[in-house]
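Below is one structure, written out as structure tokens; comments come after it.
The values are calculated or read from the model by the stated rules, or taken from the named source; none is laboratory data. Everything numeric here is computed off the predicted structure, so don't read it as measured data. Every residue, glycine among them, receives a Cβ derived from its backbone with ideal geometry; neighbour counts consider all protein chains shown. Calculation scope for accessible area: heavy atoms of the full protein, side chains included, ligands and nucleic acids excluded. Shrake-Rupley method; radii C 1.70, N 1.55, O 1.52, S 1.80 Å.
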Amino acid sequence: YWSDEKSFFDEISQSNEFPNTIFHNAFDAALGIPPRGIDGSKFPPINKELSKTFLQCESQAIRMMDTLDLDAAVSVAKKKHVYYKYLRYWHGILSELRPDAILFGDIPHSAYQWVVYSVAKKLGIKTVMYDSVKRIPDRLIFFEDCSSYEELARAYTDIKKDIALEDLSSDLREYYNNQADPRVDSSPVFLKKNYIEKAT
């Protein structure tokens, strides 16, 4: 389990509520620092075959690092070094622990999370992601793959009938009516003028 909320992390990792749970601070994970009780040095080094297996993962992970390095202050060689550190650690930890599933609170957005996701996929470990449905309250969406969204495509295809407005719950009807009403500014909050002006 990893968390980026330090106070929550410190409190829960020191409690006895979750025996046999390894807690990993997200900031440490981003730096490639193993959690307490895990010796990352015992994992085998990355070989040519493993490196080739994860070429696509490497490309995506380095691009994710680039989004945080806007001034290009970190060399590609250094980013690759960090990436290989992630790959060695996460391939080692997931191969050893073999969890039943990995739950992500969103699509993996950081390089180390992408490595976790990619390694899990290659090892046949189930990945489950969830996110709130933007601008529709009290709705979560769950999916297992963030490249094809096959479950959503199947669910959409499986709807064999036309959906009438009356078939929707009252909150979804309200949402739909706001979206369809030209007198209502239904733009996402981050596209509204006052939000943009505050952010710049």
So how much accessible area does H81 have, in Å² to the nearest 10, using a 1.4 Å probe? 110 Å²
May I ask for the longest run of the chain untouched by trypsin sites (Lys or Arg not before Pro) that are loop-located per DSSP and have at most 14 neighbouring C-beta atoms (other than their own) within 10 Å? 37-133
Rounded to the nearest 10 degrees, what's the angle between the helix 76-97 long axis and the longest principal axis of the chain, both from Cα atoms, 0 to 90? 90 degrees
D_trans [Stokes-Einstein, Kirkwood Rh over alpha-carbon pairs] for the chain, 10 °C, 1.306 mPa s, µm² s⁻¹: 79 µm²/s
Residues whose modelled amide H sits under 5 Å from the amide H of H24, counting only those 5 or more places away in sequence or on another chain, are W2, S3
Calculated P(r) tail over 15 Å for the range 140-189, as whole % of Cα pairs: 65 percent
Give the aspartates and glutamates whose C-alpha is closer than 16 Å to that of K42, dropping any in the same chain fewer than 8 places away, or say none. E96
Antiparallel as a % of all DSSP beta bridges within the chain, to the nearest 5? 40 percent
Using 20 Å as the Cα-Cα cut-off, could you pick out the over-long pairs in K52/K85; K134/K161; K126/K161; K52/K126? K134/K161; K126/K161; K52/K126
So, with a 1.4 angstrom probe, what is the percent of accessible area on the range 42-118 that is carbon and sulfur? 56 percent
Rounded accessible area per residue of the chain, 1.4 Å, Å²: 70 Å²
What are the residues whose amide H is under 5 Å from the amide H of D131, where those residues sit 5 or more places off or on another chain and H is modelled from the backbone? I141
If you bin every alpha carbon distance in the range 51-165 into 5 Å steps from zero, what whole percent lands in each bin? 2, 10, 17, 18, 17, 13, 10, 7, 3, 2, 1, 0
Gain in length, S59 to T157, computed as 0.36 nm per residue apart minus the alpha-carbon separation, to one decimal in nm? 32.0 nm
What number, in nm² with one decimal, is the all-direction average of the projected area of the convex hull of the alpha-carbon atoms of the range 101-147? 3.4 nm²
Tilt, helix 55-68 to longest principal axis of the chain (alpha-carbon atoms), in degrees rounded to tens, equals 70 degrees
